[in-house]
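See below for the structure under consideration.
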Amino acid sequence: MNYEQGKEINLFQPAREFIPMINEVFRTLVEVTKDIPGASVENHKFCTSVHYRNVDEKSWPIIAQRVHDVLKDYPRLTLTHGRKVLEVRPLIDWDKGKAVEFLLELLGLSNANDVLPIYIGDDRTDEDAFKVLREGNQGYGILVSSVPKESKAFLSLRDTSEVKQFLKSLVRWKEQMSNVGS
């Protein structure tokens, strides 16, 4: 990637104007969840995540209500649900699938025959990226899940140890192919 392409990536941030609002919501969510044992809030610059994986199940409705109450004051933000996480994000037409399309186009790989994009994900929010790769016949989505589930992913792996094994296999294969050509 050359300098100009890197510069374009930094300039293309459709949620940039939301950063002050996300920071404000993050601080508020930290404050309203601090008395719930196990709750954690993360600021991911363009979105904020409220994790309740380590929270007693009886407190889940309390967390959900508090997040909803905070968001009443922010009509330009939306709430999405992941695996035991509530994600607050800007209300814009952007998802992981659009991000994959954007990066492939920016890097000049949309129609490349010598590149195979692989997208590995474990959440419902990754389905948009799996769909883009499958429908465009541009690469492979790999779902990481310990249980079988409906997905647009082409393949699946059970856990992070299988992901690691898969990636190591790709590296070994690439090294073997390089040695064959020498």
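Overview of results
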{"item": "Point-to-point label distance, H68-V180, nm (Cα→Cβ direction, 7 Å offset)", "result": "5.7"}
{"item": "Listed values (i) 35, 22, 14; (ii) 59, 23, 15; (iii) 32, 18, 17, entry calculated as semi-axes √(5λ) of the Cα gyration tensor in Å", "result": "(i)"}
{"item": "Anisotropy class of segment 132-180 from Cα gyration tensor, a/c 1.5 cut", "result": "oblate"}
{"item": "Sequence-distant residues sharing a close amide H with Y140 (under 5 Å, placed H)", "result": "I118, Y119"}
{"item": "Two-decimal Rg to Rh for segment 27-70 - Kirkwood Rh, Cα set", "result": "0.93"}
{"item": "Restraint check, K45/K149; K58/K96; K84/K168; K45/K96, Cα-Cα greater than 27 Å", "result": "K45/K149; K58/K96; K84/K168"}
{"item": "Largest-first principal axis extents, alpha carbons of segment 108-147, Å", "result": "33, 15, 14"}
{"item": "Restricting segment 94-182 to GluC sites (Glu not before Pro) in coil, as DSSP defines it, with at most 10 other Cβ within 10 Å", "result": "E150"}
{"item": "Farthest toward positive dipole pole in the chain [+1 Lys/Arg, -1 Asp/Glu at C-beta], among I62, L116, T48", "result": "I62"}
{"item": "Accessible carbon and sulfur surface of the chain relative to its total accessible area, %, 1.4 Å", "result": "52"}
{"item": "Degrees, to the nearest 10: 60-71 long Cα axis against longest axis of the chain", "result": "90"}
{"item": "Added length on full extension, which subtracts the Cα-Cα distance from 0.36 nm per residue, L116 to K149", "result": "9.4 nm"}
{"item": "Heavy-atom surface of the chain, accessible at 1.4 Å and reported per residue (Å²)", "result": "66"}
{"item": "Among K96, K84, K164, residue whose mean-square fluctuation peaks in a GNM of the chain (springs only between Cα atoms under 10 Å)", "result": "K164"}
{"item": "Cα-based reach from K72 at 14 Å (exclusive), listing aspartates and glutamates while leaving out same-chain residues under 8 positions away", "result": "E24"}
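The values are calculated or read from the model by the stated rules, or taken from the named source; none is laboratory data. Every value quoted in this text rests on a predicted model; they were computed, and no experiment measured them. We place every Cβ from the backbone using ideal geometry, glycine too, and count neighbours over all the protein chains shown. Calculation scope for accessible area: heavy atoms of the full protein, side chains included, ligands and nucleic acids excluded. Shrake-Rupley method; radii C 1.70, N 1.55, O 1.52, S 1.80 Å.
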